[in-house]
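Worksheet: the structure to be examined is printed underneath.
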Amino acid sequence: MTNVTVEDIPAQPSMLKEHWGGLVFLVFVILAILWSLLRVITWMGDEEQLPLSQIIVQGELEHLTPLEVRNAVLQLGGLNSFMIQDVDDIHSAISALPWVANVAVRKQWPDTIKVNVTEYQPQAVWNGSFLLDVGGDVFGADPAEVKNLGLVSLHGPAGSEKEVLESWREMRGILAPTKLEIAALALNERRSWRIVTRDGVRIELGRESRNERLKRFVALLDDFKSTDRAIQYVDLRYDTGAAVGWKAPEVEASDENT
């Protein structure tokens, strides 16, 4: 019987060359891809390649102007290229404007920023220095800008904005049959309510049952008017009835013959 011995066969030089050649080629391909990506990123970040040159402002603007919105964006120090401009920065800059309730920012190929602005809708002056929108949110626009709107003046402790606004709406409805309009409504730290009408009548409602007391005022108003005297204040902080203060009669100046 013949024994067969299997001996290791040494690698051929041609196989080693093919192995190293493939590895070198792979490294070359990877480096080429990385170089290409770097070139693309550099090109994308170059302001001269895709510069943003237009800002389009959309939305129903009554208190802001498109120029004010654009200036807020430009104060960032200029726009970057289309690819790297961060719209969050633009969003923050526009949101800081006092009349802006909401803003949407998007880029439009190849060179445009589109901005859609929603303004606050002023409903009342708050504590003399701020404004309330229809939802009872405070915003920092100057009340003098809307002086011509004749907004009601609301006052109250911090955090009571929505409560006071809703109370004003309720009380306005109760007073509607009398044609009296509320010029100011105040809630003090002791949670006592006071109304001042546009013709200067002060109505003290106290802390409890404010709407029921105001309805009592409406029921008594005809009796007050029958006196033909001008009301200065009505104090309803009683279980029944009311205390009434009258304005002093106006003294008519008489002509003197000299």
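The values are calculated or read from the model by the stated rules, or taken from the named source; none is laboratory data. Note that the structure is a prediction, hence the values are computed from the model and not measured. So basically every Cβ, Gly included, is an ideal-geometry build from the backbone, and we count neighbours across all protein chains shown.
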Self-check item: Filter pass, LEU132 being over 16 Å from the mean Cα position of the chain (by Cα), under 30 Å from ARG213 (Cβ atoms) and modelled with pLDDT of 95 or more
Solution: no
Practice problem: Search the stretch 134-152 for residues being in contact with a helix residue (DSSP H, G or I) (Cβ under 9 Å, 6 or more places away or on another chain) and assigned to a strand (DSSP E or B), and hand back the single one that is surrounded by the fewest Cβ atoms within 10 Å (Cβ to Cβ). | Solution: VAL138
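Per-residue answers, yes or no, for (1) under 30 Å from SER167 (Cα atoms); (2) touching a residue at least 40 places away in the same chain (Cβ under 8 Å); (3) part of a strand (DSSP E or B):
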| residue | (1), (2), (3) |
| --- | --- |
| MET83 | no, no, no |
| ALA101 | yes, no, yes |
| LYS107 | no, yes, yes |
| GLN123 | yes, yes, yes |
Quiz item: Out of (1) in contact with a helix residue (DSSP H, G or I) (Cβ under 7 Å, 6 or more places away or on another chain); (2) more than 15 Å from HIS63 (Cα to Cα); (3) outside any strand (DSSP E or B), what's the single condition that is false for GLY159?
Solution: (1)
Quiz prompt | Output for the stretch 108-134, where each listed residue is over 19 Å from LEU64 (Cβ atoms) and not aliphatic (A, V, I, L, M) | solution = GLN108, TRP109, PRO110, ASP111, THR112, TRP126, ASN127, GLY128, SER129
Exercise. May I ask you to say which residue of VAL234, VAL196, VAL201, VAL218 is assigned by TED's automatic domain parsing to the domain that holds GLY159, surrounded by 12 or more Cβ atoms within 10 Å (Cβ to Cβ) and within 20 Å of TRP126 (Cα to Cα)?
Key: VAL196
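A quick yes/no check of all residues on (1) at pLDDT below 85; (2) assigned by TED's automatic domain parsing to the domain that holds GLY140; (3) closer than 21 Å to ASP142 by Cβ; (4) exposed (fewer than 15 other Cβ atoms within 10 Å of the Cβ):
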{"position": "TRP35", "(1), (2), (3), (4)": "yes, no, no, yes"}
{"position": "LEU61", "(1), (2), (3), (4)": "no, no, yes, no"}
{"position": "ILE90", "(1), (2), (3), (4)": "no, no, no, no"}
{"position": "ILE94", "(1), (2), (3), (4)": "no, no, yes, no"}
Quiz item: Looking at the stretch 208-226, is at least one residue of a type in the set (Ser, Thr, Tyr) and on the phi < 0 side of the Ramachandran plot?
Solution: yes
Quiz prompt | Condition check for VAL117: touching a His at 6+ places or on another chain (Cβ under 7 Å), assigned to a strand (DSSP E or B) and within 30 Å of LEU79 (Cβ to Cβ) | solution = no
